[in-house]
1. Please find, within the stretch 3-22, the residue that is nearest to the chain's Cα centre (by Cα) out of those that are in a loop (DSSP other than H, G, I, E, B) and touching a residue at least 40 places away in the same chain (Cβ under 8 Å).
2. Answer yes or no as to whether ARG25 is without any contact (Cβ under 8 Å) to a residue 40 or more places away in the chain, surrounded by fewer than 19 Cβ atoms within 10 Å (Cβ to Cβ), part of a loop (DSSP other than H, G, I, E, B) and within 15 Å of the chain's Cα centre (by Cα).
3. Which of the numbered conditions does PRO59 fail, given that it passes all the others? Conditions: (1) touching a residue at least 40 places away in the same chain (Cβ under 8 Å); (2) under 20 Å from LEU117 (Cβ atoms).
4. When residues of the stretch 71-95 are filtered for being in contact with a strand residue (DSSP E or B) (Cβ under 8 Å, 6 or more places away or on another chain) and among the β-branched types (Val, Ile, Thr), how many remain?
5. State which residue is least open to solvent (accessible area, probe 1.4 Å) when the search covers only the stretch 105-121 and only residues that are more than 19 Å from SER48 (Cα to Cα) and in contact with a helix residue (DSSP H, G or I) (Cβ under 8 Å, 6 or more places away or on another chain).
6. Which ones in the stretch 86-104 are surrounded by 19 or more Cβ atoms within 10 Å (Cβ to Cβ) and among the polar types (S, T, N, Q)?
7. Condition first: under 19 Å from ILE6 (Cα atoms), aromatic (Phe, Trp, Tyr) and open to solvent by 30 Å² or more (accessible area, probe 1.4 Å). Now tell me which residues in the stretch 39-76 satisfy that.
8. Scan the stretch 106-120 for residues that are within 11 Å of PRO47 (Cβ to Cβ) and assigned to a helix (DSSP H, G or I) and report the count.
Amino acid sequence: MKSLCIKRVYEPSGTEDGYRILVDRLWPRGIKKENVHLFLWAKEVAPSNELRQWFKHDPSRFEEFAHRYEIELEENSDARAFVHTIQTLLLKSNVTLLYGAKDEEHNQAVVLRDWVLRHLS
């Protein structure tokens, strides 16, 4: 099995990225779709608008955000299908989850990556 990574969408794409999947609900500001080199835009597994707005990328809220987001993922049938898609893609190539947040440690892609890894069979 290959690697599941995360990367800011604003960083240049590389061959090591493999399948590139945007995991933000909203399209990142100031970037053209044709420049992202996406395989998939998985906005259905992004945090809800309510949770995203509550979090406001405040690192002091990250632990609670992660907990609430994981609950959303557990209740989201699209998230289970997403795990299956990732598992299939990882048989062939690396997969990179793309996100727009500036904070590389406190964002939904970190939570989603860890959640997916725990659910891979």
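1. Taking the stretch 3-22 and keeping what is in a loop (DSSP other than H, G, I, E, B), we get 3, 9-14, 18.
Filter once more, so that each one left must be touching a residue at least 40 places away in the same chain (Cβ under 8 Å): 3, 9-10, 18.
Working: SER3: 14, VAL9: 11, TYR10: 14, GLY18: 14 Å.
Among those that are in a loop (DSSP other than H, G, I, E, B) and touching a residue at least 40 places away in the same chain (Cβ under 8 Å), it is VAL9.
2. Working: without any contact (Cβ under 8 Å) to a residue 40 or more places away in the chain: yes; surrounded by fewer than 19 Cβ atoms within 10 Å (Cβ to Cβ): yes; part of a loop (DSSP other than H, G, I, E, B): yes; within 15 Å of the chain's Cα centre (by Cα): yes.
Answer is yes for this residue.
3. Here PRO59 clears every test but (2).
4. The number of residues fulfilling the criteria is 3.
5. Filtering first and then ranking leaves LEU120.
6. THR96
7. Hits for the stretch 39-76 are PHE39, TRP41, PHE62.
8. 4
The values are calculated or read from the model by the stated rules, or taken from the named source; none is laboratory data. Note that the structure is a prediction, hence the values are computed from the model and not measured. Cβ atoms come from the backbone with ideal geometry, glycine included; neighbour counts cover every protein chain shown. Surface accessibility is based on the protein's heavy atoms, side chains included, excluding ligands, DNA and RNA. Shrake-Rupley method; radii C 1.70, N 1.55, O 1.52, S 1.80 Å.
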